[in-house]
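The values are calculated or read from the model by the stated rules, or taken from the named source; none is laboratory data. If you're wondering where the values come from, they're calculated on a predicted model, not measured in any experiment. Note: ideal-geometry Cβ built from the backbone for every residue, glycine included; neighbour counts use all protein chains shown.
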Amino acid sequence: MKTSHRLATSLAAAAAVAAAVVAPATGEASYSSTSQAQAASVESAMSSAAGTRTLTKRRLSIRTSGMVTVGDELLVTGRTSLRRALVRLQVNQSGRWRRIDRTRTSAHGTFRTSEVVTREGEHRFRVVVSPRRGHDATASFRVSAVPRATGPTGWPTEEPTALPTATPVATWTPVPTTTPTPTAPPVPVPTSGAGNAADWSYITGGTEAIAWNSCSVITWGYSPAGEYAGARDDWARAFDLVAQRSGLSFEYAGTDGAIDVSWSDAAAQPRLAGSVVGFGGPSYRYIDPDANDGVSMLITGGRVVLDRESPLSPGHATTGGAAWGQVMVHELMHAVGLGHAAGREQIMYPSTGALFLGAGDHTGLYNVGSSRGCLSSSQYADPAPGAEGGGEVLVHDRLGDLS
Ligand SMILES: [Zn+2]
């Protein structure tokens, strides 16, 4: 990937709105609110009407509007005071509000939703947060329209006003299960790093969360054929790093494990032709997000194949260009559910370059790790249509600038 033009062309944040709903003392709903709006000063086409808000019974609704171009990705990030509240992104068409995406706030009250624009021109959007009755709610959000062609994920490179960075939770509440209650692993504290803390994505490309069950040990198997001397130790170090930053637990299990790691070449594996250094990703099945802290895809396996013909150095480089160690960390992050980042500072940038985990990498690992608590696919009391099944996502990665 070349440097994107996103900074220059992004329709930067047009609105940052804070509104408060005060729960009534009696059963009658009466709300008071405060709000403040900031219209962007840039030539972002978002209109100055951004930030108007309406409050109605049992929901918090914040509106904005702006000019968008077909193909843009409309990205809404925000934070509320509510855990796992329903959040709907709606667009007004001919006077009617039509839902274009829905999600739930995380255990920390953050949310993110997005939609690719299919209709040119002025759009009116609103975000509706539905608190449970009697709960106070505050919310803030920001809308960005990101030209889709400029990056692999469409995430803005700028720091959002309401940064959806996960914050550590002090305590963990287990989801009731019928099996013996597992012990939740400690939740890592996201640490700082280079770049934008919001620069991360799920490998499935949307806003639906995907993760391993952090309450089980994840085994990894290693096939040494084609390896360089010491490669397994480099892999072990990659697993240690990802474990430390995500809270997931890994265990080397010989040649067979839930995550399958191997070496190949373009002759045996055509996917590795050209500058591809490797590919990796998870296989998953759908689970009930309402019973699993908003996670709708449970990872049940992972696969990483590295191209033994790629001209990378052994080890985890700390100076100069990236080495195999960085590629291993990158591929492993795919296998735990993360997709690419937009900035070169991140290990999850689509080609080699970064030597250390960046701020977005840390946030991503936090969000697919033990912060999610225990996940289970056995909690479907009443499976919804389409709730079964799953799939596999594999992402190919290329050699970047090695100097
Ligand atoms: Zn990748």
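Scanning the range 348-360 for residues that are within 13 Å of the ligand (Cβ to nearest atom) and either of a type in the set (Phe, Trp, Tyr) or in contact with a strand residue (DSSP E or B) (Cβ under 8 Å, 6 or more places away or on another chain) (or both) yields MET348, TYR349, PRO350, SER351, THR352.
Mind listing just one residue for me: the one in the range 311-347 that is touching a strand residue (DSSP E or B) at 6+ places or on another chain (Cβ under 6 Å) and within 12 Å of the ligand (Cβ to nearest atom) and, of those, farthest from GLY369 (Cα to Cα)? Here the answer is VAL327. Out of all the residues in the range 254-270, is one or more under 18 Å from HIS340 (Cβ atoms), buried (at least 18 other Cβ atoms within 10 Å of the Cβ) and either out of contact with any Lys or Arg (no Cβ under 9 Å at 6 or more places or on another chain) or at pLDDT 95 or above (or both)? No, that holds for no residue. Applying a threshold of 6 Å to beta carbon distances and a minimum spacing of six or more residues, or different chains, the list of pairs starting in the range 347-362 at a residue that is modelled with pLDDT under 95 and ending at one that is within 12 Å of the ligand (Cβ to nearest atom) and β-branched (Val, Ile, Thr) reads ALA354/ILE347.
Of the strands (runs of 3 or more DSSP E) contained entirely in the range 233-301, those carrying at least 3 residues that are within 27 Å of SER351 (Cβ to Cβ) and within 23 Å of the chain's Cα centre (by Cα) fall at 276-286.
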